[in-house]
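Below: the structure, in C-alpha coordinates.
The values are calculated or read from the model by the stated rules, or taken from the named source; none is laboratory data. Quick caveat, the model's predicted, so the values are computed rather than measured. Please note: Cβ atoms are built from the backbone with ideal geometry, for glycine as well, and neighbour counts cover all protein chains shown.
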Amino acid sequence: MRILVAYATKYGATQGIAERIAAKLNAEGHVAEAKPVTADPDVIPYDAFVVGSAAFFGKWQKEAHEFVARHESVLASHPTWFFSSGPVGPDPLDAKGNDQKTMSIPTDFADFREAIHPRGERVFFGAFDAAKLPLMMKAIRIMPAARKVLPEGDYRDWADIDGWAHQIAEALVPVPA
(Lines give C-alpha, C1' and ligand atoms only; values in the text may rest on other atoms or scores of the structure.)
Protein backbone atom coordinates (compact mmCIF):
# COMPACT_ATOMS: atom_id res chain seq x y z
CA MET A 1 0.00 0.00 0.00
CA ARG A 2 1.23 3.57 -0.72
CA ILE A 3 1.19 5.63 2.44
CA LEU A 4 1.80 9.33 2.91
CA VAL A 5 3.19 10.30 6.28
CA ALA A 6 2.54 14.05 6.24
CA TYR A 7 3.87 16.22 9.04
CA ALA A 8 4.30 19.75 10.37
CA THR A 9 7.35 20.41 12.47
CA LYS A 10 8.70 23.51 14.12
CA TYR A 11 12.12 22.41 15.32
CA GLY A 12 12.53 18.99 13.67
CA ALA A 13 11.37 16.50 16.31
CA THR A 14 8.06 15.74 14.56
CA GLN A 15 9.89 15.31 11.26
CA GLY A 16 12.04 12.67 12.94
CA ILE A 17 8.95 10.84 14.17
CA ALA A 18 7.32 10.98 10.72
CA GLU A 19 10.47 9.67 9.04
CA ARG A 20 10.71 6.86 11.57
CA ILE A 21 7.07 5.86 10.96
CA ALA A 22 7.64 5.86 7.20
CA ALA A 23 10.81 3.76 7.57
CA LYS A 24 8.98 1.21 9.73
CA LEU A 25 6.08 1.01 7.25
CA ASN A 26 8.57 0.47 4.42
CA ALA A 27 10.36 -2.24 6.40
CA GLU A 28 7.02 -4.02 6.79
CA GLY A 29 6.26 -4.19 3.06
CA HIS A 30 4.53 -0.90 2.36
CA VAL A 31 5.65 2.04 0.24
CA ALA A 32 5.66 5.02 2.59
CA GLU A 33 6.95 8.55 2.16
CA ALA A 34 7.35 11.24 4.82
CA LYS A 35 6.65 14.71 3.45
CA PRO A 36 6.08 18.08 5.10
CA VAL A 37 2.57 19.47 4.82
CA THR A 38 4.13 22.77 3.77
CA ALA A 39 5.08 21.07 0.47
CA ASP A 40 1.33 20.36 -0.01
CA PRO A 41 1.93 16.88 -1.39
CA ASP A 42 -0.59 15.49 -3.86
CA VAL A 43 -2.75 13.08 -1.87
CA ILE A 44 -4.34 11.31 -4.84
CA PRO A 45 -1.60 8.68 -5.39
CA TYR A 46 -1.81 7.39 -1.80
CA ASP A 47 -3.91 4.58 -0.34
CA ALA A 48 -3.53 5.56 3.33
CA PHE A 49 -2.39 8.48 5.44
CA VAL A 50 -0.59 9.18 8.69
CA VAL A 51 -0.70 12.89 9.55
CA GLY A 52 1.12 14.47 12.44
CA SER A 53 2.15 17.76 13.90
CA ALA A 54 4.01 19.29 16.74
CA ALA A 55 1.50 20.68 19.22
CA PHE A 56 1.84 23.88 21.16
CA PHE A 57 -0.67 25.00 23.79
CA GLY A 58 -3.04 22.15 22.86
CA LYS A 59 -3.12 22.82 19.12
CA TRP A 60 -1.42 21.44 16.05
CA GLN A 61 0.57 23.78 13.90
CA LYS A 62 -1.68 25.80 11.62
CA GLU A 63 -0.19 24.23 8.46
CA ALA A 64 -1.11 20.70 9.59
CA HIS A 65 -4.65 21.68 10.52
CA GLU A 66 -5.10 23.39 7.15
CA PHE A 67 -3.66 20.37 5.30
CA VAL A 68 -6.20 18.07 6.92
CA ALA A 69 -9.06 20.49 6.29
CA ARG A 70 -8.03 20.94 2.64
CA HIS A 71 -7.88 17.18 2.03
CA GLU A 72 -10.68 16.15 4.40
CA SER A 73 -12.74 14.24 1.80
CA VAL A 74 -9.76 12.19 0.60
CA LEU A 75 -8.58 11.44 4.14
CA ALA A 76 -12.11 10.46 5.16
CA SER A 77 -12.34 7.94 2.34
CA HIS A 78 -8.99 6.26 3.11
CA PRO A 79 -7.40 4.67 6.18
CA THR A 80 -6.01 7.59 8.19
CA TRP A 81 -4.14 7.96 11.46
CA PHE A 82 -3.18 11.11 13.38
CA PHE A 83 -0.24 11.72 15.68
CA SER A 84 1.09 14.60 17.68
CA SER A 85 4.35 15.34 19.40
CA GLY A 86 4.71 17.78 22.18
CA PRO A 87 5.27 16.91 25.78
CA VAL A 88 8.90 16.91 26.82
CA GLY A 89 10.60 15.70 29.95
CA PRO A 90 11.69 12.47 31.55
CA ASP A 91 8.48 11.83 33.48
CA PRO A 92 5.23 10.44 32.07
CA LEU A 93 3.32 12.37 34.76
CA ASP A 94 3.30 16.10 35.36
CA ALA A 95 3.81 17.72 38.79
CA LYS A 96 0.11 17.20 39.61
CA GLY A 97 0.19 13.50 38.70
CA ASN A 98 -1.58 13.89 35.35
CA ASP A 99 -0.53 11.77 32.38
CA GLN A 100 1.39 14.14 30.13
CA LYS A 101 0.32 12.40 26.92
CA THR A 102 -3.36 12.61 27.88
CA MET A 103 -2.99 16.25 28.88
CA SER A 104 -1.29 16.96 25.53
CA ILE A 105 -4.00 15.59 23.21
CA PRO A 106 -4.46 18.41 20.70
CA THR A 107 -7.95 19.80 20.13
CA ASP A 108 -7.38 19.13 16.42
CA PHE A 109 -8.01 15.41 16.99
CA ALA A 110 -11.56 16.18 18.11
CA ASP A 111 -11.99 18.72 15.31
CA PHE A 112 -11.41 16.02 12.68
CA ARG A 113 -12.65 12.89 14.44
CA GLU A 114 -16.27 13.03 13.26
CA ALA A 115 -15.53 13.97 9.64
CA ILE A 116 -12.56 11.69 9.01
CA HIS A 117 -13.02 8.80 11.47
CA PRO A 118 -9.31 8.12 11.90
CA ARG A 119 -8.29 4.58 12.70
CA GLY A 120 -6.04 5.83 15.46
CA GLU A 121 -4.63 8.83 17.25
CA ARG A 122 -1.43 8.99 19.26
CA VAL A 123 0.55 11.53 21.24
CA PHE A 124 4.31 11.02 21.44
CA PHE A 125 6.85 12.73 23.61
CA GLY A 126 8.95 15.16 21.62
CA ALA A 127 12.38 16.74 21.81
CA PHE A 128 13.47 20.19 22.87
CA ASP A 129 16.71 21.87 21.81
CA ALA A 130 17.01 25.38 23.26
CA ALA A 131 19.66 26.25 20.66
CA LYS A 132 16.92 26.20 17.99
CA LEU A 133 14.80 28.83 19.73
CA PRO A 134 14.49 32.39 18.43
CA LEU A 135 16.46 34.98 20.41
CA MET A 136 13.45 36.26 22.40
CA MET A 137 12.54 32.73 23.53
CA LYS A 138 16.17 32.08 24.51
CA ALA A 139 15.96 35.11 26.81
CA ILE A 140 12.85 33.70 28.51
CA ARG A 141 14.56 30.32 28.80
CA ILE A 142 17.11 31.86 31.18
CA MET A 143 14.49 31.79 33.94
CA PRO A 144 14.59 28.60 36.06
CA ALA A 145 10.80 28.13 35.83
CA ALA A 146 11.00 28.07 32.03
CA ARG A 147 13.77 25.46 32.12
CA LYS A 148 11.66 23.33 34.45
CA VAL A 149 8.59 23.48 32.17
CA LEU A 150 10.65 22.85 29.01
CA PRO A 151 13.54 20.58 29.93
CA GLU A 152 16.08 20.25 27.17
CA GLY A 153 16.56 16.81 25.64
CA ASP A 154 15.19 14.21 23.27
CA TYR A 155 12.29 12.39 24.92
CA ARG A 156 10.96 10.57 21.87
CA ASP A 157 10.21 6.93 22.71
CA TRP A 158 11.35 5.14 19.56
CA ALA A 159 10.01 1.78 20.74
CA ASP A 160 6.56 3.32 21.22
CA ILE A 161 6.74 4.99 17.81
CA ASP A 162 7.88 1.75 16.15
CA GLY A 163 5.12 -0.19 17.90
CA TRP A 164 2.46 2.20 16.67
CA ALA A 165 3.84 2.11 13.13
CA HIS A 166 3.80 -1.70 13.33
CA GLN A 167 0.10 -1.62 14.29
CA ILE A 168 -0.59 0.59 11.26
CA ALA A 169 1.39 -1.74 9.00
CA GLU A 170 -0.57 -4.73 10.24
CA ALA A 171 -3.87 -2.95 9.64
CA LEU A 172 -2.99 -2.43 5.97
CA VAL A 173 -2.36 -4.93 3.20
CA PRO A 174 1.28 -4.75 2.06
CA VAL A 175 2.26 -4.16 -1.55
CA PRO A 176 2.85 -7.53 -3.30
CA ALA A 177 6.54 -8.24 -3.93
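Of all residues in the range 42-75, count the ones that are surrounded by fewer than 13 Cβ atoms within 10 Å (Cβ to Cβ) and not polar (S, T, N, Q).
6
Of all residues in the range 39-64, which are outside any loop (DSSP other than H, G, I, E, B) and within 9 Å of Ala8 (Cα to Cα)?
Val51, Gly52, Ser53, Ala54, Trp60, Lys62, Glu63, Ala64
Go through the range 44-79 and count every residue that is of a type in the set (A, V, I, L, M) and under 23 Å from His30 (Cα atoms).
Looking only at that region, the number is 8.
Which ones in the range 88-124 are modelled with pLDDT under 95 and under 15 Å from Gly153 (Cβ atoms)?
Matches in the range 88-124: Val88, Gly89, Pro90, Asp91, Pro92, Gln100.
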